[in-house]
Amino acid sequence: MKRYSAFAIAKEALRQHVGWTRAWGNPEPKKRYDVIIIGAGGHGLATAYFLGKNFGITNVAVLEKGWLGGGNTGRNTTIIRSNYLQDPSAAIYEKSRSLYETMSQDLNYNVMFSPRGVLMLAQTQHEIRGYKRTAHANALQGVETRWIEPAEVKEICPIMNIDGPRYPVLGGLWQARGGTARHDAVAWGYARACSDMGMDIIQQCEVTGVTTSAGNVTGVNTTRGDIACDKLGMVVAGHASHVANMAGFQLPIESVALQALVSEPIKPCMDIVVMANTVHGYMSQSDKGEMVIGGGTDGYNNYTQRGSFHHIEETVRALVETFPMIARLKMLRQWGGIVDVTGDRSPILSKTPVEGVFVNCGWGTGGFKAIPGSGWAMAELMAKGHSPLTEEFDMNRFGRGKFIDESVAAGVAH
Amino acid sequence: MLTLYCPCCGEDVDETDLHAGGEAHLKRFGPGSSDEEFEGYLFMRENPKGVHFERWHHTYGCGKWFLAARCTQTLEVFGTYPAQTLEPPKDIRDKITKKRPGWTWGALS
Ligand SMILES: Cc1cc2nc3c(=O)[nH]c(=O)nc-3n(C[C@H](O)[C@H](O)[C@H](O)COP(=O)(O)OP(=O)(O)OC[C@H]3O[C@@H](n4cnc5c(N)ncnc54)[C@H](O)[C@@H]3O)c2cc1C
Ligand SMILES: [Zn+2]
């Protein structure tokens, strides 16, 4: 792998840029791997990366039915924060947020992590109490967040109308170290590092079946032939139920569409991320100047990667009230992704009824922020059979009633 | 926009007037059942990429529940039927079989 640096750019500039190599390989699948990961989204690639980096396991293939990063990883609005309520969530999301801080250096790939601050608005009395409670919980968990009053909200975000007629801004939960990153770059950076460790990232290779023998996994059937493995990681987000079905077990997951949209680029006007959970909308400004906007999920099961237009209308209507200056913005693009939602709105990182099969899913509307932490924990789970970070996220927690209830925090998609 | 025929009031209804109620034909388990049965009823879902039987509430209309058979991969609606039905009616199942040979749903096919 050719290292990226200012020096490398200068050197290449002097010789017509002929020295750059492919960022990752395009190999044919081998007959057998120690570990197969299904899904080359951020979570799958990060799992492979930490299997190699932390455990020296590099005979690994990541199988992807489309192109790498083409699932939710390339479709999300890139909000990164760790201000969750429950301890197990705080542990894995804060681990993840801190790994984002050094990701560009670790991967030698600029993921444009921008800790610009995330503000969650309180617009009802209920939310005031909820966010103050979260701020206290975060203090105990060692996650730096703070309750702020309306005047400070206005100071941090001057374009906001804090005394809107219907839902005035009553304060907010402020996480100064939260922010955004370039989503594609996260997938590409991990793919490049995995490829460099000798792993095979195989695109256009859909897994169509899982083979087992006496309750142990033996391999997968794919559109590019059968491939054997000792361990299998299912990391396919919205397709989790579908792929689990191939191995003969069910998941407590429903797949629904979540949409986002971006506006035409405008001059810098907002240098933080704002989430308004009561009115169902959130917004940030990309480096190109586009306003990046998201809202809530559609209500019904859906695998089509497109949602209903009235949800877009709802989101935009809410944001126009809070940010009157965007009322005349033109929208450039709109898209959807299929998100995997669990009953307690927390992810599943778990062993499964099939020996050697592990599942990482249920990140739903908010797993971009979790990519490095999830990969770190999933790799440990797959390599050692247990991980302190994943213990509580076992798929059997629903039967035992040990929920990790983040449904309040996830009142709006994020 | 999804349009579903409400069998209660006999109208074609836009999804903005409806509320999705999740998987249909769940077998309810209560006191005296095993933990596994209770978990299955409360949390485990078919969530298929394909034929889905589901509940809908005609919220801004007659206010009643009905059931629908729909494909989650294409959003094609195969038919709707009254909520007082324990299994998808035969005519709807036949229609699905014609369009999606080999479909399954739990023990049904
Ligand atoms: C509109 C939108 C906005 C969002 N906003 C945010 C946000 O602001 N902040 C945040 O933290 N999160 C956000 N999320 C959630 C976040 O995008 C996801 O939780 C995260 O990207 C999931 O990553 P993943 O790697 O698990 O899944 P994906 O990136 O979806 O990767 C799974 C991969 O598996 C592949 N696959 C599926 N089936 C098979 C098969 N049979 N064989 C081979 N490959 C298969 C898919 O093609 C896909 O590439 C948002 C999501 C959406 C849709
Ligand atoms: Zn009706």
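The values are calculated or read from the model by the stated rules, or taken from the named source; none is laboratory data. On a predicted model such as this, the values are computed, not experimentally measured, just so you know. When we count neighbours, we look across all protein chains shown, and the Cβ atoms used for this are built from the backbone with ideal geometry, even at glycine. We work out accessible area using only protein heavy atoms, side chains counted, and drop any ligands, DNA or RNA first. Shrake-Rupley method; radii C 1.70, N 1.55, O 1.52, S 1.80 Å.
How high is the relative contact order of the stretch A:259-356, in percent, counting Cα pairs under 8 Å that sit 6 or more residues apart?
Relative contact order of the stretch A:259-356: 33 percent.
Could you order B:Arg45, A:Arg22 by accessible surface area, starting with the largest, using a probe radius of 1.4 Å?
A:Arg22, B:Arg45
Return, ordered by residue number, the residues of the stretch A:103-131 whose backbone nitrogen is under 18 Å from a label point located 7 Å along Cα→Cβ of A:Leu332.
Answer for this model: A:112.
Determine the share of chain A's accessible area contributed by carbon and sulfur atoms, expressed in whole percent, with a 1.4 angstrom probe.
Of all accessible area on chain A, carbon and sulfur atoms account for 52 percent.
Can you list the residues in the stretch A:245-273 whose accessible area drops by at least 30 Å² when all protein chains are present, compared with the chain alone? Use a 1.4 Å probe, heavy atoms only.
A:Gln250, A:Pro252, A:Glu254
Taking the Cα atoms of the stretch B:26-109, report the difference between the largest and smallest coordinate on each principal axis, in whole Å and largest first.
Cα spread of the stretch B:26-109 along its principal axes, largest to smallest: 40, 35, 22 Å.
All other residues with a Cβ under 11 Å from the Cβ of A:Ile348 taken together, and with Lys, Arg as +1 and Asp, Glu as -1, what is their net charge?
Net charge around A:Ile348: -2.
Leaving out ligands, DNA and RNA, what percent of the accessible area of the stretch B:3-99 is carbon and sulfur, probe 1.4 Å?
Answer for the stretch B:3-99: carbon and sulfur cover 49 percent of the accessible area.
At a probe radius of 1.4 Å, figure out the A/B buried accessible area, summed over both chains, and give it in Å² to the nearest 100.
Using a 1.4 Å probe on protein heavy atoms, the buried area is about 2000 Å².
Where does the charge balance sit around A:Thr322 when Lys and Arg score +1, Asp and Glu -1, over other residues with C-beta under 15 Å from its C-beta?
-1
Which of rounded, prolate or oblate describes the stretch A:220-286 when judged by the alpha-carbon gyration tensor and an a/c cut-off of 1.5?
Prolate.
Check each of the trypsin sites (Lys or Arg not before Pro) in the stretch A:142-183 and keep only those in coil by DSSP with at most 11 other C-beta atoms within 10 angstrom; list them in order.
Answer in residue order: A:Arg166.
Tilt of helix A:309-322 relative to the longest C-alpha principal axis of chain A, in degrees (0 to 90, nearest 10)?
Roughly 40 degrees between the two axes.
Say R0 is 35 Å: what FRET efficiency, to the nearest 0.05, do B:Leu26 and A:Thr278 get from their beta-carbon distance?
0.70
Starting from the Cα of B:Thr3, step 7 Å along the direction of its Cβ; do the same at A:Val18; then give the gap between the two resulting points in nm.
Going by the 7 Å Cα→Cβ label model, 6.3 nm.
On a full-extension model of 0.36 nm per residue, what is the gain between A:Thr212 and A:Met325, subtracting their alpha-carbon distance, rounded to one decimal in nm?
Gain on extension, A:Thr212 to A:Met325, equals 34.9 nm.
Local charge sum around B:Glu37 (other residues, Cβ-Cβ under 11 Å, Lys/Arg +1, Asp/Glu -1)?
For residues surrounding B:Glu37, the net value is -1.
With +1 on the Cβ of every Lys and Arg and -1 on the Cβ of every Asp and Glu, and nothing else charged, how large is the dipole of chain A about its Cα centre, in debye rounded to the nearest 20?
That gives chain A a dipole magnitude of about 720 debye.
Probe of 1.4 angstrom, ligands and nucleic acids ignored: what's the accessible area per residue over chain A, in square angstrom?
Solvent-accessible surface per residue comes out at 40 Å².
What FRET efficiency do you get for A:His136 and B:Asp35 if R0 is 22 Å and r is their Cβ-Cβ distance, rounded to the nearest 0.05?
E(calc), rounded to 0.05, equals 0.10.
In nm, to one decimal, how far is the A:Glu355 label point from the B:Thr16 one, both placed 7 Å along Cα→Cβ?
5.7
Starting from the amide H of A:Ile348, placed 1.01 Å from N in the peptide plane, find each other amide H under 5 Å away whose residue is 5 or more places distant or on another chain.
Distant-sequence amide H within range of A:Ile348: A:Cys361, A:Gly362, A:Trp363.
Of the listed pairs B:Lys49/B:Lys99; A:Lys11/A:Lys369; B:Lys27/B:Lys98, which have alpha-carbon separations greater than 23 Å here?
Pairs exceeding 23 Å: A:Lys11/A:Lys369; B:Lys27/B:Lys98.
Taking each residue of A:300-310 in turn, how many C-beta atoms of other protein chains fall within 10 Å of its C-beta, and what is the average?
6
Once amide H atoms are placed 1.01 Å from N in the peptide plane, what residues at a sequence separation of 5 or more from A:Cys229, or on another chain, have their amide H within under 5 Å of its amide H?
When sequence neighbours closer than 5 places are left aside, the close amide H contacts are A:Tyr33, A:Gly219, A:Val220.
Just to confirm the filter: which trypsin sites (Lys or Arg not before Pro) across the stretch A:306-414 are DSSP coil and have at most 13 other Cβ within 10 angstrom of their Cβ?
For trypsin sites (Lys or Arg not before Pro) across the stretch A:306-414 that sit outside H, G, I, E and B with at most 13 neighbouring Cβ atoms in 10 Å, the list reads A:Arg328, A:Lys330, A:Lys402.
How big is the Kirkwood radius of the protein assembly as shown, worked out from every pair of different alpha carbons and given in Å to one decimal?
24.2
So, in nm, how far is label A:Asn54 from label A:Asp163 when the simple model puts each one 7 Å beyond its Cα toward the Cβ?
If labels sit at A:Asn54 and A:Asp163, their model points lie 5.1 nm apart.
If r is the Cβ-Cβ distance from A:Lys154 to A:Glu313 and R0 is 41 Å, what FRET efficiency results, to the nearest 0.05?
According to the calculation, E is roughly 0.90.
Towards the positive end of the charge dipole of the stretch B:3-99, with charges on Cβ (+1 Lys, Arg; -1 Asp, Glu), say which of B:Gly32, B:His19, B:Leu4 has the farthest Cα.
In the stretch B:3-99, that residue is B:Leu4.
With +1 on each Lys and Arg Cβ and -1 on each Asp and Glu Cβ, how big is the dipole of the stretch A:163-232 about its Cα centre, in debye rounded to the nearest 20?
Dipole of the stretch A:163-232, to the nearest 20 debye: 280 debye.
With every protein chain present, what is the per residue accessible area of chain B (1.4 Å probe, Å²)?
With all protein chains present, chain B gives 55 Å² per residue.
Pairs of alpha-carbon atoms within less than 8 angstrom and 6+ residues apart define the contacts here; what relative contact order does chain A have, in percent?
RCO, chain A: 22 percent.
Quick one: P(r) of the stretch A:127-188 from all Cα-Cα pairs, 5 Å bins, percents rounded to integers, in order of increasing distance.
Calculated over all Cα pairs of the stretch A:127-188, the distribution is 4, 15, 19, 19, 16, 12, 10, 4, 1 percent.
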